[in-house]
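One structure is given below, encoded as structure tokens.
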Amino acid sequence: MARAFLIVMDSVGCGGAPDADAFFNAGVPDTGANTLFHIAEACASGHAETGRSGPLTMPVLDGLGLGAAIRLASGATAPGLGASPQGLWGAATEVSKGKDTPSGHWELAGVPVPWDWHYFPDARPSFPSDLSAFVATAAGTKGILGDCHASGTEIIARLGEEHMRTGWPICYTSADSVFQIAAHEDSFGLDRLIALCRAVAPRLHAMKVGRVIARPFVGEPGAFTRTANRRDFAIAPPAPTLLDWVSGAGRMTHAVGKIGDIFSMRGVGKLHKGKSDADLFEHLMGLAGEAEDGSLTFANFVEFDSLYGHRRDVSGYARALEWFDAAAGRFLAALRPGDLALFTADHGNDPTWSGTDHTRERVPVLVHGAGAGSMGLVAFTDIAASIAAHLDVPAEGPGRSFL
């Protein structure tokens, strides 16, 4: 029985979103943002030489149609990505009004977001006073620290010492619909931080804030570091997703990385977590050999976004892409006849762009195991419909299969 692997390269967009002018980074519209093209351009011009050198090299995914997908999505020809596609390829356009993790993943899984997310203003304070008081009460403290838009590493460096002295949690947000709480694993306690986020999440979800995120850190003043024990509490999808369709048909579903958090564990049969994308890829390799007949594996690789996109690190992003491409070659070689593997993304995060936020972009759709050719421009929801068709399970969403 056929198996399917849906692999999300978090933030690996390919430009061309028709509504990019309605989304902004530091006051600049996302018009022209193109994560893959601008990284390839920087590599070819010698501006991404830290830890690597030369043109962007991704022969495996380019062989499936990566360069062709960039050209289709945006009209741009990415240097070094000019292979003749040997897979089924195209580019997908999102309709949900967010350029964030839940919006992208839910729509890839067949469910566009039917509401407007709540975003906190870039002001001081960012949060309503009653919300801040509620969080402080839940934490058992007299107040909170932060209460602003901030980079996670920056705010921990700035407020970590005061947090350790007072015990008050550090609360901050970003251009995403998110409420983040940072706390020291030792002085505040990891279990206490997770319990705090779990307690306040329903209040934030009722406001249509997409995620409450626990951001633990360790260390001493001047040398704080975030740990891998991040935990997301996401609002539940408003309708059954691909995971529910497959599990409802009696099939096994595997969630690799933060997929379980994004979907509030709905439809997830088994969760596979790790401290790095390298760890997660070993889980994916194991599932290539061991996943059950008829199963769905849904994987997210977050470090493109979290370590390099938001930090506007072009060299680091390029290194991650080249590492992933080599790993993808190992993975594809381990698949069985009849398996389908689909590589895509949830949004963009152009490391050459202004600001630090995600960028509104189309995303590549690269399919191994379904022949070769162009599927053209498709909808995010078409990905869920196509995987359901491959697995021969009923699809409940608005998408149409391109298989």
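Coordinate-derived values only; no laboratory data. Please read these numbers as outputs of a predicted model, since none were measured by experiment. Note: ideal-geometry Cβ built from the backbone for every residue, glycine included; neighbour counts use all protein chains shown.
Given the conditions (1) in a helix (DSSP H, G or I); (2) surrounded by fewer than 23 Cβ atoms within 10 Å (Cβ to Cβ); (3) among the acidic types (Asp, Glu), and given that Asp116 satisfies all but one, which numbered condition is not satisfied? Result: Asp116 fails condition (1) only. The single condition among (1) in a helix (DSSP H, G or I); (2) within 21 Å of the chain's Cα centre (by Cα) that Gly63 does not meet is (2).
The single residue among Gly316, Gly309, Gly338 that is out of contact with any His (no Cβ under 7 Å at 6 or more places or on another chain) and surrounded by fewer than 17 Cβ atoms within 10 Å (Cβ to Cβ) turns out to be Gly338.
Is there a residue in region 389-397 that is assigned to a helix (DSSP H, G or I) and buried (at least 23 other Cβ atoms within 10 Å of the Cβ)? No, region 389-397 contains no residue that is assigned to a helix (DSSP H, G or I) and buried (at least 23 other Cβ atoms within 10 Å of the Cβ). Against the list (1) on the phi > 0 side of the Ramachandran plot; (2) surrounded by fewer than 16 Cβ atoms within 10 Å (Cβ to Cβ); (3) not aromatic (Phe, Trp, Tyr), the condition Gly248 fails is (1). Inside region 370-385, residues that are assigned to a loop (DSSP other than H, G, I, E, B) and either within 22 Å of Leu321 (Cβ to Cβ) or of a type in the set (A, V, I, L, M) (or both) make up a count of 2.
Considering region 326-367, and only residues there that are in contact with a Leu (Cβ under 8 Å, 6 or more places away or on another chain), in a strand (DSSP E or B) and not hydrophobic (A, V, I, L, M, F, W, C), the residue that is farthest from Val8 (Cα to Cα) turns out to be Pro364. Looking only at residues in region 39-59 that are buried (at least 23 other Cβ atoms within 10 Å of the Cβ) and part of a helix (DSSP H, G or I), which one is nearest to the chain's Cα centre (by Cα)? Of everything passing the filter in region 39-59, Ile39 is nearest to the chain's Cα centre (by Cα).
Sort out which residues of region 132-156 are in contact with a helix residue (DSSP H, G or I) (Cβ under 7 Å, 6 or more places away or on another chain), within 15 Å of Ala199 (Cα to Cα) and aliphatic (A, V, I, L, M), and write them in order of number. Even if it seems obvious, please write down each step before you answer.
Step one: filter region 132-156 for residues in contact with a helix residue (DSSP H, G or I) (Cβ under 7 Å, 6 or more places away or on another chain), giving 134-135, 138-139, 142-147.
Among the residues that remain, those that are also within 15 Å of Ala199 (Cα to Cα) are: 134-135, 138-139.
Result: Val135, Ala138, Ala139.
Please find, among Gly257, Gly289, the residue that is in contact with a Lys or Arg (Cβ under 8 Å, 6 or more places away or on another chain) and not aromatic (Phe, Trp, Tyr).
On the way: Gly289 fails: in contact with a Lys or Arg (Cβ under 8 Å, 6 or more places away or on another chain).
Going through Gly257, Gly289 in turn, the sole match is Gly257.
I want to confirm something. Restricting to region 119-151 and keeping residues that are among the β-branched types (Val, Ile, Thr) and surrounded by 13 or more Cβ atoms within 10 Å (Cβ to Cβ), which single residue is nearest to Ala92 (Cα to Cα)? If you could, list the steps in order and put the result at the bottom.
So in region 119-151, the residues among the β-branched types (Val, Ile, Thr) come out as 135, 137, 141, 144.
If we keep only those that are surrounded by 13 or more Cβ atoms within 10 Å (Cβ to Cβ) as well, we get 135, 141, 144.
On the way: Val135: 39, Thr141: 46, Ile144: 41 Å.
Top of the filtered list is Val135.
Gly13 satisfies every condition listed in (1) under 19 Å from Phe324 (Cβ atoms); (2) not in a loop (DSSP other than H, G, I, E, B) except (2).
Examine region 8-15 for a residue that is touching a helix residue (DSSP H, G or I) at 6+ places or on another chain (Cβ under 6 Å), more than 30 Å from Ala334 (Cα to Cα) and either free of Cβ contacts under 8 Å to residues at least 60 places away in the same chain or surrounded by 22 or more Cβ atoms within 10 Å (Cβ to Cβ) (or both), and state whether such a residue exists. Yes, the conditions are met somewhere in region 8-15.
Hey, can you tell me all the residues within region 83-109 that are more than 19 Å from Arg360 (Cα to Cα) and either touching a Leu at 6+ places or on another chain (Cβ under 8 Å) or among the aliphatic types (A, V, I, L, M) (or both)?
Here is the first cut: in region 83-109, the residues more than 19 Å from Arg360 (Cα to Cα) are 83-89.
Correct list: Ala83, Pro85, Gln86, Gly87, Leu88, Trp89.
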